[in-house]
Structures are given as C-alpha cells and as structure tokens.
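Participant: Questions regarding the structure given below will be posed in turn.
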Amino acid sequence: MNDLQEMTMNHKEQPGFVNSVFKAICVLECFSPEQPVMSLGQISKQLSLPKSTVSNLIKTLEQVGYLTRGTGEQGYRLGYKILGLSYSLRSSIPVVQYALPFLEDIQLETGEIVYLTTHIEGRSLYLEGVYPSRRMEKYSISGKTLPMHCTGGGKAILSYLPKNEVEQIIDKWGLPAITKNTITDRNTLLKHLEEIRERGFALDIEEETPGVKCIAKAIRNSDGYATGAISISGTTMSMQDDLLPQYAQILDRACSTLMSSANQFPAGEKLLEKKRASN
C-alpha cells in the first residue's frame with residue numbers, strides 16, 4: 001500500500017470525505033522547493049495514480065489557477081492563487097501581528113535573525129522571521145516546515161509536549177540526520193529534551209544548517225503545553241557562548257508576555273479543538 005492509499009484509507013470513513021478533492025490536494029502537495037516543476041508522469045508516479053486520472057486533476061487545477069505552465073515548460077508549477085491563499089491565511093493568524101513588535105525588538109537588541117514558529121502535525125512551521133538589514137534567507141520563511149528534532153524552536157517545543165505526543169512524532173517522522181550534528185537516536189533525544197526543560201531553553205548547534213547556531217525558548221499556555229517558540233539564529237561565530245545567558249533572558253521576557261496568546265497559535269487552536277471534541 002502506498003502513502004496515498006494509506007491516507008485515503010485513514011480518511012475515507014470520515015463523514016463528508018470526497019476522494020476526488022483529496023486527490024487534487026495530493027497533486028498540489030507533490031510540489032516542493034526542491035521540486036518546483038513536475039511533469040504529468042512524475043506526479044502520476046509519485047502518487048501511484050493512472051496518468052489519465054492525474055491529467056484530469058491537473059487540467060482542472062490549471063483552469064482555476066492553482067497550477068500553471070510557463071511558455072516552453074514541459075512541466076507544471078504551482079499557480080499564483082496559492083500565494084494569495086497563503087497571504088489570506090497569514091493575515092488570519094492574529095498572534096503573528098501581535099508578536100511581530102517583540103520579534104523586531106529582539107532583532108534590534110541582538111543583531112541576529114529572529115524566528116516565530118509553531119508546530120503542525122509533528123513538524124515545525126515557521127510563521128514569521130525578522131532579519132538584519134542584510135538577509136541570509138533568499139525568500140520569506142513564512143510557511144516553511146522542518147523536522148522538530150533538528151531546530152532550536154522545534155526542540156524547545158518538544159521539551160514541553162507530553163511524552164506520548166513526542167513518541168508519536170518520532171514514530172511518524174523518524175529522526176533523520178539533517179547534518180552530522182543532528183540527534184538521530186531516540187533515547188539521546190529524550191534525554192536532551194529533559195536537559196532543555198531543566199535549562200529553560202534549547203540550542204541548535206549546526207544541527208539543521210552547517211555554520212548556524214540557534215537559541216530558542218517555548219511559548220506555553222496556562223496548562224504548560226508548548227504551542228510556539230521564538231528563536232535567535234546566527235552564525236557560530238556571531239552566536240558566542242558568553243552571549244547565550246543574555247539571549248535566554250531576552251527570550252524569556254518575550255515568551256512570558258506572549259503566554260496569554262499561546263492558544264492563538266495554530267497548534268493552540270488544534271489543542272482547543274481536541275478539548276472540545278473530548279467534552
């Protein structure tokens with residue numbers, strides 16, 4: 001059974017599930033920063049669907065602007081309507097606008113990059129980034145997802161999640177080696193998360209990107225559940241060890257202030273939905 005068949009089996013028993021809509025979404029999810037252009041054959045192979053089925057899905061998505069094909073291109077790419085939806089979604093998350101002044105203050109105080117993250121389906125989701133005048137990133141970070149075990153923000157959040165949720169995340173995504181410094185052993189990671197809780201902040205020392213060091217602190221709600229994180233990221237040269245205690249205090253002040261808005265993060269909204277469903 002391939003991934004698409006497995007996901008279909010998991011969802012099809014739910015009321016209102018429409019298989020054709022699900023397949024169309026799967027087509028859109030085939031595209032990534034690493035694979036921005038894909039042919040009909042590539043999509044068909046990735047989804048293990050007949051070319052005739054994929055062709056009809058692609059034609060429909062192209063007609064309504066969610067896929068496009070440039071002049072002379074053999075493959076398809078995401079249409080600009082996706083960008084419009086992304087803007088609409090970002091604008092609908094009030095905590096991002098509320099947190100932005102805090103992120104800007106931290107950036108000015110440290111001179112480093114500052115990120116605001118949450119977690120969705122066991123992965124870190126970047127909501128916002130504030131950069132020095134000279135950006136390291138070539139594109140907006142908003143919407144990027146990464147494994148949680150290799151980033152400062154992700155580990156800060158993991159350290160305050162229930163152990164069974166952490167185990168589920170590891171079971172689902174594994175612990176792939178992103179760099180030679182990434183923690184890839186389950187027991188080592190669990191012990192590392194205990195150390196983060198005791199210390200109060202997480203560190204990423206070239207675990208996600210060579211040459212990059214990061215310090216992060218979780219934003220927790222009144223129940224202690226981590227719904228977001230703020231991280232300060234820079235080069236291993238600029239993020240000197242003697243600066244980390246000062247940066248930890250800066251993060252602590254911001255995260256404490258944002259605690260009242262913790263449930264406004266996407267992860268917080270999911271948590272509230274689960275509570276309502278169990279009542």
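None of the figures in this text is laboratory data; all of them are computed from the coordinates on show. The model shown is predicted, which means the values in this text are computed figures rather than measured ones. Quick reminder, even Gly has a Cβ in these numbers, built from the backbone with ideal geometry, and neighbours come from all protein chains shown.
Participant: Rank-order 202-210, 182-190 by packing density, defined as the average count of other C-beta atoms within 10 Å over each peptide's residues, highest first.
Facilitator: By packing density, highest mean first, the sequence is 202-210, 182-190.
Participant: Another question, if that's okay. For the range 42-90 and the range 182-243, what is the separation of their C-alpha centers, rounded to whole Å?
Facilitator: Taking the Cα centre of the range 182-243 as reference, the centre of the range 42-90 is 37 Å away.
Participant: Would you mind estimating how fast the range 55-167 diffuses translationally, via Stokes-Einstein at 37 °C and 0.692 mPa s with the Kirkwood radius over Cα pairs, in µm²/s?
Facilitator: Value of D from the Cα-based Kirkwood radius: 197 µm²/s.
Participant: Which of the peptides 37-50, 218-231 is most tightly packed, and how do the rest follow, going by the mean number of other Cβ atoms within 10 Å of each residue?
Facilitator: Packing order, densest peptide first, comes out as 218-231, 37-50.
Participant: Here's a follow-up. Extent of the range 3-85 along each principal axis, from alpha carbon coordinates, in Å, largest to smallest?
Facilitator: Extents along the principal axes, in whole Å: 42, 27, 24.
Participant: Just grab the label-to-label distance for N181 and L83, each label 7 Å out from Cα along the Cβ direction, in nm (one decimal).
Facilitator: In this crude spin-label approximation the distance works out to 3.4 nm.
Participant: How big is the convex hull of the Cα atoms of the range 82-137, per residue, in Å³?
Facilitator: Each residue corresponds to 106 Å³ of Cα convex hull volume.
Participant: Run the helix sum for the chain: -39,500 (n - 2.57) per DSSP H stretch of 4+ residues, divided by residue count, reported at 222 nm to the nearest 500 deg cm²/dmol.
Facilitator: -14500 deg cm²/dmol
Participant: Using only the Cα atoms of the range 16-57, what semi-axes does the equivalent ellipsoid have when each is the square root of 5 times a gyration tensor eigenvalue? Give whole Å, largest first.
Facilitator: Computed over the range 16-57, the values are 18, 13, 7 Å.
Participant: On to the next question. Which order results if Y126, Y98, Y115, Y87 are arranged by neighbouring Cβ count within 10 Å, fewest first?
Facilitator: Y87, Y98, Y126, Y115
Participant: Would you calculate the volume per residue, in Å³, of the smallest convex hull containing every Cα atom of the range 156-279?
Facilitator: 113 Å³
Participant: Moving to a separate point now. Can you list, largest first and rounded to whole Å, the semi-axes you get for the chain by taking the square root of 5 times each eigenvalue of its Cα gyration tensor?
Facilitator: Output for the chain: semi-axes of 35, 22, 19 Å.
Participant: At R0 = 25 Å, how high is the FRET efficiency between D252 and I120 if r is their beta carbon distance? Nearest 0.05 is fine.
Facilitator: Once the sixth-power term is evaluated, E becomes 0.50.
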